[in-house]
1. Of the numbered conditions (1) more than 18 Å from Ala18 (Cβ to Cβ); (2) open to solvent by 40 Å² or more (accessible area, probe 1.4 Å); (3) assigned to a helix (DSSP H, G or I), Leu101 satisfies every one except a single condition; which is it?
2. Restricting attention to segment 113-146, which residues are at pLDDT below 80 and closer than 18 Å to Thr11 by Cα?
3. Do the conditions hold for Leu168, that is, is it in a helix (DSSP H, G or I), among the hydrophobic types (A, V, I, L, M, F, W, C), exposed (fewer than 14 other Cβ atoms within 10 Å of the Cβ) and free of Cβ contacts under 8 Å to residues at least 40 places away in the same chain?
4. Across segment 47-60, which residue is most open to solvent (accessible area, probe 1.4 Å) among those that are touching a residue at least 24 places away in the same chain (Cβ under 8 Å) and assigned to a helix (DSSP H, G or I)?
5. Using the structure shown, decide if Leu70 is more than 22 Å from Gln97 (Cα to Cα) and either not aromatic (Phe, Trp, Tyr) or not in a helix (DSSP H, G or I) (or both).
6. Kindly indicate whether Gly14 is within 28 Å of Leu189 (Cβ to Cβ) and in contact (Cβ under 8 Å) with a residue 24 or more places away in the chain.
7. Go through segment 62-104 and report how many residues are under 18 Å from the mean Cα position of the chain (by Cα) and either farther than 17 Å from Arg179 by Cα or of a type in the set (Ser, Thr, Tyr) (or both).
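The values are calculated or read from the model by the stated rules, or taken from the named source; none is laboratory data. All values derive from a computational prediction rather than experimental measurement. A quick note on method: Cβ atoms are made from the backbone with ideal geometry, for glycine too, and the neighbour counts reach across all protein chains shown. Calculation scope for accessible area: heavy atoms of the full protein, side chains included, ligands and nucleic acids excluded. Shrake-Rupley method; radii C 1.70, N 1.55, O 1.52, S 1.80 Å.
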Amino acid sequence: MTTQQLLHDVTFYGLYIAAFIVTLIIIERMIFFAFTGRQAKKLVEMTIDTNIDKLPAEFLNQDKVASNALREFLTAKPTLKNHIDVEDCIETVYIGQRHALNSRLWLLDTIVTAAPLLGLLGTILGIIDTFAVLAQSGISDPASVSKGIGTALYATALGIGVALYGLLFFNSFNEKVERINDHLKILLLRAGMERK
């Protein structure tokens, strides 16, 4: 096995691993956003008719993004002296909770960007290997040359497929992050407007 063949095979394995990682991230983030979005929306709906200070403890004690943000703000609220302190606290809590929402999306974005490049690298290495075989044996069997080039192009197709698969969910997750961020802003602003 030549070095080019080995590297070509490594790119295939890399793409299969990338597809597996993308699938794991998609499953984990889908579950996370389903529960987090539902809880944030429910808290926003509850705060329409109820003061945030009077929300049931079961909602505030959950380990979810919206509950964590509200709990953190309500803990700091008694120490806030003026409107500027309230705004600063809201911004601080909001920024602190955004990390949980964006967790692992950077990895999905990296794979979406890198997969087509890795596929292209696999194609180039496969074609180099095919031409090396041609240089040694000549064009005695055009079918094997076509097969070698076809196998090389499969790497590009796989890379683009992994990227499209990941991109579809990456864009969907970004939209979910924005929606949950809007809920967080509403909750924190409502909590900030309530009197101590």
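1. (2)
2. Asp129, Thr130, listed by residue number.
3. On the way: in a helix (DSSP H, G or I): yes; among the hydrophobic types (A, V, I, L, M, F, W, C): yes; exposed (fewer than 14 other Cβ atoms within 10 Å of the Cβ): yes; free of Cβ contacts under 8 Å to residues at least 40 places away in the same chain: yes.
Criteria met by Leu168.
4. Taking segment 47-60 and keeping what is touching a residue at least 24 places away in the same chain (Cβ under 8 Å), we get 47, 51-53.
So of that shortlist, the ones also assigned to a helix (DSSP H, G or I) come out as 47, 52-53.
Numbers: Thr47: 12, Ile52: 0, Asp53: 86 Å².
Top of the filtered list is Asp53.
5. Working: more than 22 Å from Gln97 (Cα to Cα): no; either not aromatic (Phe, Trp, Tyr) or not in a helix (DSSP H, G or I) (or both): yes.
Answer is no for this residue.
6. Working: within 28 Å of Leu189 (Cβ to Cβ): no; in contact (Cβ under 8 Å) with a residue 24 or more places away in the chain: yes.
Criteria not met by Gly14.
7. Number of matching residues: 2.
To keep it simple, each residue is scored yes or no on (1) under 24 Å from Val44 (Cβ atoms); (2) in contact (Cβ under 8 Å) with a residue 12 or more places away in the chain; (3) open to solvent by 40 Å² or more (accessible area, probe 1.4 Å); (4) out of contact with any Leu (no Cβ under 7 Å at 6 or more places or on another chain).
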site: Leu108; (1), (2), (3), (4): no, yes, no, yes
site: Leu118; (1), (2), (3), (4): no, yes, yes, no
site: Leu121; (1), (2), (3), (4): no, yes, yes, yes
site: Val133; (1), (2), (3), (4): no, yes, yes, yes
site: Ile160; (1), (2), (3), (4): no, yes, yes, yes
site: Ser172; (1), (2), (3), (4): yes, no, yes, yes
